[in-house]
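Below is one structure; the comments refer to it alone.
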Amino acid sequence: MMDFIIRGGSAGAKITTEERMEQGIRYVDIRMQLPEPAIPEEFSLCWYMPVTQITSAWNPDFGWQRNISPEWAPKTTRSRLASGMPVHTLIAADGTNRLTAALSDAATPAAISTGVVEEIAALECIVRIFTLPTSPVGEYTVTLRLDERPVDWCEAVRSAADWWRSDCGYTPAPVPEHARLPFNSLWYSFHQKLEPAAIVEQCRLSVPLGMDTVIMDDGWQTLDSGRGYAYCGDWEPERIPDMRGLADAVHATGMKLMIWYSVPFMGIHARHFEEFRDMLLDGEHSNGKAFALDPRYKKVRDYLTGIYAKAVQEWDLDGLKLDFIDSFILQGRSLQPDPRRDISSLEEAVDALMRQVTDTLRAIRPDILIEFRQSYVGPAICQYGNMLRVGDCPNDPLTNRRAVVDLRLTSGGTAVHSDMLMWNTADAPECVAQQLAAILYAVPQISVLIDRLPAAQLAVLKYYLAFWRQYRDVLLDGRLWARHPEALYSQTGTEKDGVAIVTAYTDPVLEYGGGKLIAVNGGIHGDFILKNAAGKSWRTVDCTGTQLASGTADGSLAALAVPMGGMLFVE
């Protein structure tokens, strides 16, 4: 039995815990009872564990900061339906799990934090529940899962994510096959300067490269090119008035078409702003020129659902990029009660909105594509989106590679997508390959003007997309592992059906384990060090797939030259 300290809670609340062990994992059932239904106040569960063999902390929202922290500035995982996920992992230097804490409820606002108490060299671990206002309840139960098994940290995280799906009721949205094929996304390549003929031409050039769907981003709905969201809210195709004609032209190239919506925002220049100005969450965006709608009003949910349904049906769209769902935040006047609301909890309202939207869209098009973006990528919101994209990180392979791994470990079979890749046309082909190598374990999204690429860069893109499609099942469906999360992953790899693919970012040492090994140089310069492959044939290629050398490993240790972006094949 662990020594838990319960703090806070509503007046008169009775909070109890009950523990059990199952297959080496501790489950703590936390139950709160109130004298009568009310909006519950925050309460917490605290315990202490020795700081032994712990060097880093992990959650997808930690970004670059994977260190452990002091209790006066603890490392904190925040979670609610529309942002984050309730899992928090502590890891030893050799990659062994020391503690993976997860909550069964991924929708109710909560937080998990750990911080070093200097006086006792122990971690203060705190789980906080009801960190934001919710609907009134009389009773609430949540299970805290504490996994201290000395397994690889990736397995501990994946086990928690599997538990959400198998035992906690979070069934992911069905994933159409087209969600698992490369995309051309137009944001970095066009921004708001969208022009139908140019879009169709990019689609025509994308198909031979292996891209299957195009995403048209912000700009189609307004003639304003100043970015920001002051003109969002009406969602009429001002810049591209013949949207159905564009969809038909895109489909004629062989590609599918998705378009972007900023779900919450109602801009001050939208015609509907006055109609909804008293149904806002009061948080300013774009310097006070846009506000988030409040989905606790049925009128808001019906309005947004109607907008998307009409677009899909009338314009023959294949999917929607639904953006900024994490911008639904209680603040300002929205904290005050309003009898016109039919839902009192914001998280429940977002859930109701997304359920209504996706049910309506799937009734129109069962294989509808719906993209969500970090940070709304947790198990609760995954019930509605079938594509989870890395948050914006233009020209940044380090962030892309880290976030791809983070999302793959927690997302099960949901299609994880890279952020769109862009690069300068003057850059070296090897640097283009580095970006592609960083996102091999996700569905690639490309965002460059293909007709402006130099021949050498185009050759890299063509080779890598062909390689990705050839080994897609291994890359997406194999059991992913990643070394040294504190260093943003020195190596990442996966294996399926006797084929192992490893990407070496900073660690050049490769272990041959039988079957076919493909090693990708994702950033290091110089040699790969190949171990335990005596008698095996090998060959190396550069970043365009051109063969450089071949031979047979004549010892248990071999140094083989592989340039950045190149690959080593062993079998």
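A short reminder: the numbers here are calculations on the coordinates, not readings from a lab. A quick note: this is a predicted structure, and the numbers were derived from the prediction, not measured. Positions of Cβ are generated from backbone atoms using ideal geometry, with glycine treated the same way; all protein chains shown enter the neighbour counts.
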Percent of beta bridges antiparallel (DSSP, the chain, rounded to nearest 5) | 70
Ranked output for segments 373-385, 523-535 by mean other Cβ atoms within 10 Å, highest leading, reads 373-385, 523-535
At what distance in nm do the modelled label points of HIS272 and GLU284 sit from each other, each positioned 7 Å from its Cα along Cα→Cβ?
-> 2.4
Whole-Hz Karplus ³J(HN,Hα) for the range 549-560, in order, using 6.51 cos²θ - 1.76 cosθ + 1.60 and θ = phi - 60°, x for Gly and Pro?
-> 7, 8, x, 10, 5, 9, x, 6, 9, 9, 9, 10
Once phi for every residue in the range 129-138 is put through the Karplus expression 6.51 cos²θ - 1.76 cosθ + 1.60 (θ = phi - 60°), the whole-Hz ³J(HN,Hα) values, with Gly and Pro written as x, are 10, 6, 6, 9, x, 10, 6, x, 9, x
Sort VAL350, VAL312, VAL117 so the one with the fewest other Cβ atoms within 10 Å of its own Cβ comes first.
-> VAL117, VAL312, VAL350
Please work out whether the range 466-571 counts as rounded, prolate or oblate from its C-alpha gyration tensor, where a ≥ b ≥ c are the square roots of the eigenvalues and a/c under 1.5 means rounded, while otherwise a/b larger than b/c means prolate and anything else oblate?
-> rounded
Using the Karplus equation 6.51 cos²θ - 1.76 cosθ + 1.60 (θ = phi - 60°), what ³J(HN,Hα) coupling, rounded to whole Hz, does each residue of the range 183-199 give in order, writing x for Gly and Pro?
-> 10, 10, 10, 8, 5, 6, 7, 10, 6, 8, 8, 8, 9, x, 4, 5, 5
Answer rounded, prolate or oblate for the chain, using the Cα gyration tensor with square roots of eigenvalues a ≥ b ≥ c: rounded when a/c is under 1.5, else prolate when a/b is larger than b/c, else oblate.
-> oblate
Using only alpha carbon pairs under 8 Å that are at least six residues apart, calculate the relative contact order of the chain and give it in whole percent.
-> 11
Considering amide H positions built from the backbone, and no H for Pro or chain starts, which residues 5 or more places from LYS256, or on another chain, come under 5 Å of its amide H?
-> THR213, VAL214
Based on the mean of other Cβ atoms within 10 Å per residue, sort peptides 288-297, 145-154 so the most packed one is first.
-> 288-297, 145-154
Which FRET efficiency value, to the nearest 0.05, do you get for GLN313 and SER69 by plugging their Cβ-Cβ distance into 1/(1 + (r/R0)^6) with R0 = 51 Å?
-> 0.55
For the range 5-167, rounded, prolate or oblate, judged on the Cα gyration tensor with a ≥ b ≥ c (square roots of eigenvalues), a/c < 1.5 rounded, else prolate if a/b > b/c?
-> prolate
Among THR131, THR76, THR100, what is the fewest-to-most ranking by other Cβ atoms within 10 Å?
-> THR131, THR76, THR100
Close Lys-Lys pairs in the range 177-389, where close means Cα under 23 Å and separation is 8 or more or interchain = 12
Between ALA455, THR360, VAL350, whose Cα lies farthest towards the positive end of the dipole of the chain when Lys and Arg beta carbons carry +1 and Asp and Glu beta carbons carry -1, centred on the Cα centre?
-> ALA455
Between ARG7 and LEU548, what length in nm is gained on full extension when 0.36 nm per residue of separation is reduced by their alpha carbon distance?
-> 188.3 nm
Cα-projected label distance for ASP224 with ASP527, points at 7 Å along beta-carbon direction, nm = 6.0
How large is the dipole of the chain about the Cα centre if only Lys and Arg carry +1 and Asp and Glu carry -1, each at its Cβ, rounded to the nearest 20 debye?
-> 540
Taking Lys and Arg as +1 and Asp and Glu as -1, residues besides VAL117 with C-beta under 15 Å from its C-beta add up to -4
